[in-house]
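The next block holds one structure in the form of structure tokens; read it before the comments.
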Amino acid sequence: MHIEDETWTDLETIDTNLGLVPIGSTEQHGPHAPLGTDMFDAESIASNAAEEYSDSVMVAPSIPVGIAEEHRNFTGTLWTDEMTFRQYVRDIVNSLASHGWNHVVIVNGHGGNIPALKAVTAQIIRHDNAYAVPFTWFEAIGDHTSSMGHAGPIETSLLEHTRPESVHTDRLTEAATDATDGWGDWQGKVNLAVDSNEFTDNGVVGDPREASAELGAELLDKATDELCALLDAVRDHDVTPRE
Ligand SMILES: [Zn+2]
């Protein structure tokens, strides 16, 4: 149930304590995939899980901008700083909780958001009347996580399944040719790069030619199952602040 599509009077009749907040990023995804990729992917998985879950789940409108300054050299990328982002997410979770939807999973589509989401959900659990955890979909796809990259086969596959019109398949060769195969510029365990253009010319990490709509369908199923299992695990948690 998507909050923005309903009337308040209809929402009032729904008995659930579960909420999902899809979060993405507006950032470059190479020459073949749209800047909204992370949000579109998070949204697809949240919507699918809400449909498949045994009880009603409130899906909040997706948050389109995250922590993505590392992509600032690619046109169109937008970002916010970590404290602003954390406060904004906390406000949204607390407003959901005020309506009784106080067990919240944040469905995340962007790696750069992960540290901030871990920090803010810990803060929410400790100090607010809500229980919230982050779920980053590409960490919930088994062995496929290892070929994640950036705008690589994983994200591109999910888009090819859910929004085929958004992928420029005629540019996949170009995307692969100028791509790099690893995230960062590494000396031992230290990443020497701060911005992604230091190690990828066109923004791509990985080979998006390996993407397919079939793989996208498999990824959607896998992430949906994991998210539904997570909803089962969080729905009975205590929401009393742990002061
Ligand atoms: Zn992405």
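Below is a table of values for the structure above.
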{"quantity": "Qualifying positions in the stretch 29-73 - open to solvent by less than 10 Å² (accessible area, probe 1.4 Å), over 19 Å from Pro134 (Cα atoms) and part of a loop (DSSP other than H, G, I, E, B)", "calculated": "His32"}
{"quantity": "Pairs where the first residue, in the stretch 122-137, is on the phi < 0 side of the Ramachandran plot and the second is buried (at least 22 other Cβ atoms within 10 Å of the Cβ) and hydroxyl-bearing (Ser, Thr, Tyr), C-beta under 7 Å, 6+ apart", "calculated": "Ile125/Tyr131; Ala132/Thr121; Val133/Thr121; Pro134/Thr121"}
{"quantity": "Those residues of the stretch 116-145 which are within 16 Å of the ligand (Cβ to nearest atom) and open to solvent by 40 Å² or more (accessible area, probe 1.4 Å), in sequence order", "calculated": "Pro134, Glu139, His144, Thr145"}
{"quantity": "Residues of the stretch 14-28 classified as of a type outside the set (A, V, I, L, M) and crowded, with 24+ Cβ neighbours inside 10 Å, total", "calculated": "6"}
{"quantity": "Scan of the stretch 83-96 for residues that are open to solvent by 10 Å² or more (accessible area, probe 1.4 Å) and out of contact with any strand residue (DSSP E or B) (no Cβ under 7 Å at 6 or more places or on another chain), ordered by number", "calculated": "Met83, Thr84, Arg86, Gln87, Tyr88, Arg90, Asp91, Asn94, Ser95"}
{"quantity": "Options Thr13, Thr26, Thr80: the member that is within 12 Å of the ligand (Cβ to nearest atom), among the β-branched types (Val, Ile, Thr) and assigned to a loop (DSSP other than H, G, I, E, B)", "calculated": "Thr26"}
{"quantity": "The stretch 178-196 residues that are open to solvent by less than 100 Å² (accessible area, probe 1.4 Å), paired with ones that are basic (Lys, Arg) (beta carbon under 8 Å, 6 or more apart)", "calculated": "Asp195/Arg72"}
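The values are calculated or read from the model by the stated rules, or taken from the named source; none is laboratory data. For clarity, every value in this text was computed on a predicted model and none was experimentally measured. Neighbour counts are summed over all protein chains in view; Cβ atoms, including those assigned to glycine, are modelled from backbone coordinates with ideal geometry. Protein only, heavy atoms only, side chains kept; ligands, DNA and RNA dropped before computing areas. Shrake-Rupley method; radii C 1.70, N 1.55, O 1.52, S 1.80 Å.
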